[in-house]
1. Which members of segment 132-163 meet the condition of being acidic (Asp, Glu) and either in contact with a Pro (Cβ under 9 Å, 6 or more places away or on another chain) or at pLDDT below 80 (or both)?
2. If Val55 satisfies all but one of (1) closer than 30 Å to Gln126 by Cα; (2) modelled with pLDDT of 90 or more; (3) among the aliphatic types (A, V, I, L, M), what's the number of the condition it fails?
3. If you go through segment 55-77 one residue at a time, do you hit one that is within 14 Å of the chain's Cα centre (by Cα), farther than 15 Å from Ile11 by Cβ, assigned to a helix (DSSP H, G or I) and not small (Gly, Ala, Ser)?
4. Let me confirm something: among Phe211, Phe226, which residue is assigned to a loop (DSSP other than H, G, I, E, B), surrounded by 16 or more Cβ atoms within 10 Å (Cβ to Cβ), modelled with pLDDT of 90 or more and not polar (S, T, N, Q)?
5. Here is a list: Ala44, Ala57, Ala66. Which entry is touching a helix residue (DSSP H, G or I) at 6+ places or on another chain (Cβ under 6 Å) and of a type in the set (A, V, I, L, M)?
6. Are any residues in segment 186-203 part of a helix (DSSP H, G or I) and among the aliphatic types (A, V, I, L, M), and if so, which ones?
7. How many residues, within segment 24-40, are out of contact with any Phe, Trp or Tyr (no Cβ under 6 Å at 6 or more places or on another chain), assigned to a helix (DSSP H, G or I) and at pLDDT 90 or above?
8. Looking at the structure I just gave you, is Ala45 assigned to a helix (DSSP H, G or I) and over 20 Å from the mean Cα position of the chain (by Cα)?
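The values are calculated or read from the model by the stated rules, or taken from the named source; none is laboratory data. Note that the coordinates shown come from a computational prediction; the quantities given were computed from them, not determined experimentally. Using ideal geometry, Cβ is built from the backbone for each residue, glycine included, and neighbour counts are taken over all protein chains shown.
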Amino acid sequence: MGKNGKKQVVIIMGAPGSGKGTQATLVSDKLSLYYLETSKLLEAAFNSPKTKSVVGADGKRYSMTAEKKIWLSGELNSMPFTLSLISEKIKRVFEGGDGLLLAGSPRRVSEAELLVPFLVKLYGKQNIKTVLLEIPAKESIFRNSHRKFCALMRHPILYSRENAKLNYCPLDGSKLVARKGLDDPKTITVRLERYKEETLPIVNYLKKNGFSVKKVNGLPAPAVVFANILKVLGEK
């Protein structure tokens, strides 16, 4: 629940490496929102040995092995599969009385056309805000190919000269590791192409349907970006 006492939804969009994860962590903590990170939700599902398949939003059954292969290639997962996982989680968050922060969802206009009305039904249109983090493609490739994650909690650590030689997570002390496959330069290029072709058009969909989308420069230091996000959200 946001600090104003109302349940709200904040959606943070941006290209791979734009800092969505870092900013989502900061914003969700500041505004007391439940942070639903699509990539972690998918990663947890794919690493669950008990789950062999999932019934998608279209009623069809999707193989976890097949969807994991798609995920590792850098392509977007089947929309009904992803939407099923996300919708179920959002429903539980809402029923628990919490506000919500989404980073990495929706990923396609077709997904937004189903997910956004679902959010409106639960939280109300007036309580849904979107932030778009903007960075150049070259910066996206550089950040992704250099970033690491902590082995324990999967905190993303953005690359900088200050932490270039950092080997352990400053948050929990676990070893920092590179994310194989998804952060390889070739895979990042594919992810960027899919972002431009399928995810970025969501901005126009939101605007056409009366939702405000605030653009924020994702290049400055995380603290500066965070302050600018709070400003456009009217929280500072």
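1. Result: Glu162, single match.
2. Every listed condition holds for Val55 apart from (1).
3. Taking every residue of segment 55-77 in turn, none turns out to be within 14 Å of the chain's Cα centre (by Cα), farther than 15 Å from Ile11 by Cβ, assigned to a helix (DSSP H, G or I) and not small (Gly, Ala, Ser).
4. Selected residue: Phe211, the only one of Phe211, Phe226 that is assigned to a loop (DSSP other than H, G, I, E, B), surrounded by 16 or more Cβ atoms within 10 Å (Cβ to Cβ), modelled with pLDDT of 90 or more and not polar (S, T, N, Q).
5. The conditions single out Ala57.
6. Ile188, Val190, Leu192, Ile202, Val203
7. Residues meeting the conditions: 5.
8. When the stated conditions are applied, Ala45 does not pass them.
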